[in-house]
Amino acid sequence: MLTIHTADELRVSWDADPLKDGAVAVEGDRVAGTGPLDVLLERFPGARVRSWPGTLGPALVHEDPLPQAPSPRERVHAILKSGATAVLAEYADTPDLRAAASRNEVAVLRNARKPEITDTGRADLAVFDADGTCLATVCAGRLVHRRR
């Protein structure tokens, strides 16, 4: 099923100008399109729409050691709650952490990369409110964190 994620504004990269009422269409684990919500609704009739307050943009790369937690799964979940869907390999340095990252489809990268949303790219998205709190994280097309 195709889902359109929309927010008060969209940034396809965190240094790009915001697009008011922008949206990202997600099909499976890929971005099917970006742009104004009305254009995507016309392009993808019948799509499910998830509306978020705040700013929708690319998910982050966690570039530090994973937060301490009782289990590898909880350590990985902590970064998802922060809006990140990728970690650097040097910090996913045990078999248990790599397995937890893999089960959650968190990308393990050799080097940091600039997060951006691209057509047909992996659907890794995050929504942040005005104070920088992560409200939602989409990892490989799946909603994996939603602040209640």
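The values are calculated or read from the model by the stated rules, or taken from the named source; none is laboratory data. Quantities reported herein were computed from a predicted structural model and do not represent experimental measurements. When we count neighbours, we look across all protein chains shown, and the Cβ atoms used for this are built from the backbone with ideal geometry, even at glycine. Surface accessibility is based on the protein's heavy atoms, side chains included, excluding ligands, DNA and RNA. Shrake-Rupley method; radii C 1.70, N 1.55, O 1.52, S 1.80 Å.
At a glance:
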{"quantity": "Rounded tilt (10° steps) of 72-81 against the dominant C-alpha axis of the chain", "calculated": "30 degrees"}
{"quantity": "Burial order of peptide ranges 5-16, 117-128 (average beta-carbon count within 10 Å, highest first)", "calculated": "117-128, 5-16"}
{"quantity": "Centroid-to-centroid separation of the range 116-148 and the range 1-57 [C-alpha atoms, Å]", "calculated": "11 Å"}
{"quantity": "Mean accessible surface per residue for the chain, computed with a 1.4 Å probe while every protein chain stays in place, in Å²", "calculated": "53 Å²"}
{"quantity": "Principal axes of the range 26-148: Cα extent on each, largest first, Å", "calculated": "46, 28, 23"}
